[in-house]
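S.K.: Structure incoming, see below.
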Amino acid sequence: MEPGEGPGALDLHGDEEIIEVVELGPPGPDDLAEEMEDVDFEDEGAEEPDAEAWESEDDEGVEDGMEAQDDSEVTFSLHSASVFCVSLDPKTNTLAVTGGEDDKAFVWRVSDGELLFECSGHKDSVTCAGFSHDSVFVATGDMSGLIKVWRVDAKEEVWSFEVGDLEWMEWHPQAHVLLAGTADGNTWMWKIPSGDCKTFQGPACPATCGRILPDGKRAVVGYEDGTLRIWDLKQGTSLHVLKGQDGHQDPLTCVASNQDGSLIMTGSVDCHAKLVNSATGKVVCVFKMESVTPKAPISEGEEAESNSVESLGFCNVMPLAAVGYLDGTLAIYDLSTQSLRHKCQHESGIVQLLWEESSAVVYTCSLDGAVRLWDARSGKMISEYRGHSAEILDFAVNKDASIVVTTSGDHQAKVFCVQRPDR
C-alpha cells in the first residue's frame with residue numbers, strides 16, 4: 001500500500017503559510033515518521049488533553065471528541081506508538097501486516113485481531129510492510145533501511161538486507177521480487193529468497209516514491225529533485241527521464257498507474273498532478289489545483305506553498321482519476337476531457353486515497369481520523385467511519401470492498417466493515 005506517500009512535504013515545514021495546516025498532524029505516513037518523535041512525546045501520557053486539542057482544532061462534527069464514536073469491528077492494539085503502515089494479504093485478504101514507530105511489525109488476523117507472529121528485529125520505525133502477490137512472503141522495512149522477509153506459513157525470517165535510509169518498498173505484481181527506493185537515490189531490486197540483487201541509480205537525491213507497472217517489466221520512480229524515471233527492470237536501464245518542464249518543480253510525493261499501465265500519474269509538493277504516457281514518456285496533461293479558480297500569478301505561488309498532492313489513483317471502471325491534497329481537497333478528474341469533474345472538501349488534510357477495485361467509489365483517510373467513501377460520479381459522500389482518536393496514517397481496502405483496515409497516530413489499527421446495502 002503506498003507507504004511512500006508524502007516525503008518531500010518536509011521541505012515546506014519552515015514556511016509560515018503552512019504552520020496552521022501542520023498543526024493538525026503530520027502530512028503523510030512517511031515524512032511523518034521523521035517528525036513523529038516530537039509529536040509523540042506530547043501525546044504520551046497525555047491522551048486526554050490531546051483529544052481535547054483535536055476537538056477544538058476541528059471545525060465541526062467532532063464536538064463530542066474523536067474518541068466518542070467508534071464504528072470499527074476490530075481493534076488491534078499491540079503497537080505502543082504510532083502505526084505507520086498496513087497491507088492486506090492479496091490472496092485471501094484475511095491477514096494484515098502493520099508497522100509502527102515502536103520499531104515493531106505484526107502479522108495478525110483481520111477477523112478478530114489475533115496475532116499470528118511478530119516480525120522482530122527492527123531497530124527503527126517500521127514504515128513499509130507488504131505481502132508478496134501470492135501471500136507466501138511478507139516484507140517489513142524500517143527507516144534505517146533494514147528490510148526483512150518472512151515466510152508467512154512458517155512464521156520465520158527467510159531473508160534480510162540493509163540499504164540506506166528507506167523511502168518506499170513494493171512487491172512485484174507477479175513474482176517473488178522486491179523493489180525499494182532509498183534516500184541516496186537508488187532503487188534496489190531483489191529476488192526473494194535468493195537475494196540476487198540489481199540497483200537502478202537515480203540522481204543524487206532521495207527516490208521518494210515508486211511503483212512497478214502492471215506488465216511487471218517496468219517501474220516508475222519519482223525523486224526529490226522533481227524528476228521521474230521509467231526503468232526497464234530486466235535491462236537495468238532508464239527508458240524515459242522526465243525533468244525540467246516535463247518533471248515537477250518540487251519533490252514527488254506519489255505515483256500511480258492505470259490498470260493496463262498505459263498511463264502514469266505523478267503527484268508533487270508543487271501541487272501539480274501530471275498524466276504521463278508510459279510508452280512514450282510524454283506528459284499528456286497537467287492537473288493544477290490553481291486552475292480551478294484562475295488567480296493572479298502571485299497567489300498561485302502562495303497556493304503551492306501551503307498545499308501538496310499527497311495521494312492519487314485511477315478508477316478501474318471509468319476514465320477517472322482522483323487526487324488528494326494536503327489542504328483537504330479530493331479532486332476527481334475526467335481523463336477523457338482532461339478536466340475537473342468534482343471537488344470534495346475534507347475538514348483536514350487527506351493522507352491517502354484508494355479506489356474500490358470494481359466501482360467508481362473512492363476511499364479517503366485524513367488527519368481528522370475519519371475514513372470516507374465518495375461516489376466519484378456524483379462527487380457526493382456515501383459514508384463516513386470514525387473510531388481513531390488521532391490522524392489516520394495509512395489504510396487498506398480488501399478486494400470485495402467489504403472491509404477497510406486503518407492505522408493511526410493513536411497507536412491502534414482498526415478494521416471497519418463497509419459493506420453497503422446497495423450491493
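S.K.: Residue by residue through the stretch 107-126, note down the ones that are open to solvent by 10 Å² or more (accessible area, probe 1.4 Å) and in a strand (DSSP E or B).
M.R.: Those that are open to solvent by 10 Å² or more (accessible area, probe 1.4 Å) and in a strand (DSSP E or B): 109, 115, 116, 117, 118.
S.K.: When you look at residue 187, is it under 26 Å from residue 411 (Cβ atoms), assigned to a strand (DSSP E or B) and under 21 Å from the mean Cα position of the chain (by Cα), yes or no?
M.R.: Details: under 26 Å from residue 411 (Cβ atoms): no; assigned to a strand (DSSP E or B): yes; under 21 Å from the mean Cα position of the chain (by Cα): yes.
No, not satisfied.
S.K.: May I pose another question? Is it the case, given these coordinates, that residue 178 is surrounded by fewer than 24 Cβ atoms within 10 Å (Cβ to Cβ), of a type outside the set (Gly, Ala, Ser) and not in a loop (DSSP other than H, G, I, E, B)?
M.R.: The answer is no for residue 178.
S.K.: Same structure again: Go over the candidates 413, 376 one by one and state the one that is closer than 17 Å to residue 345 by Cα, surrounded by 24 or more Cβ atoms within 10 Å (Cβ to Cβ), outside the structural domain of residue 128 (by the TED database) and in contact (Cβ under 8 Å) with a residue 60 or more places away in the chain.
M.R.: Details: 413 fails: closer than 17 Å to residue 345 by Cα.
Only one candidate passes the filter, namely 376.
S.K.: Could I ask something else about it? Of the residues 125, 194, 144, 132, only one is of a type in the set (Gly, Ala, Ser), assigned by the TED database to the domain that holds residue 91, closer than 30 Å to residue 268 by Cα and out of contact with any Asp or Glu (no Cβ under 8 Å at 6 or more places or on another chain); which?
M.R.: Checking each option against the conditions leaves just 132.
S.K.: Moving on to the next point. Among the residues of the stretch 141-158, what is the count of those that are assigned to a loop (DSSP other than H, G, I, E, B) and open to solvent by less than 10 Å² (accessible area, probe 1.4 Å)? Before the answer, list the steps.
M.R.: Going through the stretch 141-158, the residues assigned to a loop (DSSP other than H, G, I, E, B) turn out to be 143-145, 152-155.
Add one more test, that the residue is open to solvent by less than 10 Å² (accessible area, probe 1.4 Å), and what stays is 145.
Summing the residues that are assigned to a loop (DSSP other than H, G, I, E, B) and open to solvent by less than 10 Å² (accessible area, probe 1.4 Å) in the stretch 141-158 gives 1.
The values are calculated or read from the model by the stated rules, or taken from the named source; none is laboratory data. In this text, all values refer to a predicted model and were calculated from it rather than measured experimentally. Glycine gets a Cβ as well: all are built from the backbone with ideal geometry, and neighbour counts include every protein chain shown. The area values use the complete protein model at the heavy-atom level, side chains included, leaving out ligands, DNA and RNA. Shrake-Rupley method; radii C 1.70, N 1.55, O 1.52, S 1.80 Å.
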